[in-house]
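Everything on this sheet refers to the single structure shown next.
The values are calculated or read from the model by the stated rules, or taken from the named source; none is laboratory data. None of the values given here were measured: they were computed from a predicted structure. Heads up, the Cβs are rebuilt from the backbone with ideal geometry, glycines too, and the neighbour counts pull from every protein chain shown.
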Amino acid sequence: MLKKIQEHLRKHPGLKARSIASQLNEERQQVSKILHDHKQIFIQDGEFQWSLILQEELRIELGDHRWLTADDFEKALLAKESPLDSACSKVTFVVAKDCRILLEALARLLALCNQLVAAGKNVSVDFSDCKQTLNYLDRIGFFDHLSDTIEVLPKRPIGSKATVYEGNNDGVVELRAIDPLAPNQEIPTLLQNSFVSCAGDQYSAAAFTVLSELFGNVQEHSASTTAGFAGLQFYKRGNHIQTVISDSGLGIVGTLTPVLKDRYEHITRKISASTLKPEVALLQEVFSGGGISQVNESGRGLGLWRTSGLAQKYKARISVRQEHFELKVNHSPKGIQFSHTLDLVRIAGTHICFDFLLDQPTQSR
């Protein structure tokens with residue numbers, strides 16, 4: 001309820017507790033208690049009207065885990081207010097001592113940082129207590145794609161280890177920019193080669209199909225003028241490969257929703273009849289049925305559906321992060337299993353992770 005009250009007062013400052021409770025359909029006593037218990041957040045004037053205390057800086061702590069997963073990153077964001085929607089002019093991300101960041105999480109951090117700069121915010125990322133992670137992010141190319149205006153503590157690396165050591169490790173594909181107007185078509189091959197070197201030649205054709213289709217998603221659904229990025233990391237501990245492909249455009253749901261009603265009436269009816277949120281139902285349909293595209297051409301819109309089929313064959317997991325929710329596509333011999341998380345902090349675009357566990361037995365081909 002605390003976050004609901006914060007969001008409401010951000011849009012409608014100067015309300016009495018009774019009005020807040022009524023508009024949020026909550027008990028006045030509970031609302032009043034939260035207001036009085038959090039006077040570092042809320043302030044009451046002489047007319048007993050409540051407003052938010054405007055803060056200059058929003059600090060978001062990342063850590064308390066040896067490995068920071070994407071789920072951990074999302075929880076850290078939810079523990080505070082939305083950085084993109086905050087009235088704070090400065091946002092600081094503080095990475096905890098000895099915290100290591102998985103590729104899926106650092107991709108979301110990178111995208112969000114650059115979006116905050118584009119929104120006119122001052123941004124800092126503090127690695128003072130985990131310089132080893134700073135060195136890793138330098139090696140994988142994080143700082144090559146991080147806006148130059150973002151402050152990096154204790155200091156931004158000079159030069160780029162990603163450039164110096166590029167291609168020296170088969171288990172790493174340094175983050176590569178994806179120009180939405182003229183994407184580098186060699187990126188899927190780079191990802192495939194690294195993937196196969198870690199997983200084996202038997203995955204060559206399937207890996208190329210999956211990674212090419214995920215890469216093509218940026219071209220079809222981004223509608224962005226800013227570059228996306230892609231990368232790969234093999235983790236010996238846990239014996240798995242994470243591949244990320246990220247953009248900061250309109251996203252899959254954002255590009256498909258406007259054309260859905262006029263072009264796909266049967267899918268519109270199916271979504272309307274679903275008990276799921278429309279955006280979740282739409283994205284599940286993209287992966288389970290396919291054939292939905294913003295481009296009115298026969299045979300389009302099948303890429304993510306093909307990807308899902310191959311991922312199921314090899315028992316992989318695909319996560320798709322949209323502006324306010326995430327869909328996870330889990331695969332097993334029983335078929336595709338979907339799970340989702342709603343009401344996430346706003347991050348524009350589509351952020352996909354293909355997570356492949358090497359120690360799981362594959363289904364017969």
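Residues that are β-branched (Val, Ile, Thr) and either under 15 Å from Ile53 (Cα atoms) or in a strand (DSSP E or B) (or both) within the range 15-39 comprise just one, Ile34.
Identify the residue in the range 343-365 that is modelled with pLDDT under 85 and under 21 Å from Ala107 (Cβ atoms) and, among all such residues, is surrounded by the most Cβ atoms within 10 Å (Cβ to Cβ). Filtering the range 343-365 for residues that are modelled with pLDDT under 85 and under 21 Å from Ala107 (Cβ atoms), the one surrounded by the most Cβ atoms within 10 Å (Cβ to Cβ) comes out as Leu358.
Criterion applied to Ile187, Ile158, Ile178 was being surrounded by fewer than 20 Cβ atoms within 10 Å (Cβ to Cβ) and among the hydrophobic types (A, V, I, L, M, F, W, C), and the one residue passing it is Ile158. Between Ile252, Ile241, which is closer than 30 Å to Gly171 by Cβ, of a type in the set (Val, Ile, Thr) and either modelled with pLDDT under 90 or in contact with a Lys or Arg (Cβ under 7 Å, 6 or more places away or on another chain) (or both)? Unique residue meeting the criteria: Ile252. Going through (1) outside any helix (DSSP H, G or I); (2) touching a residue at least 40 places away in the same chain (Cβ under 8 Å) one by one, Asn114 falls short only on (1). Does Gly238 satisfy the condition of being within 24 Å of the chain's Cα centre (by Cα), among the small types (Gly, Ala, Ser) and part of a loop (DSSP other than H, G, I, E, B)? When the stated conditions are applied, Gly238 passes them.
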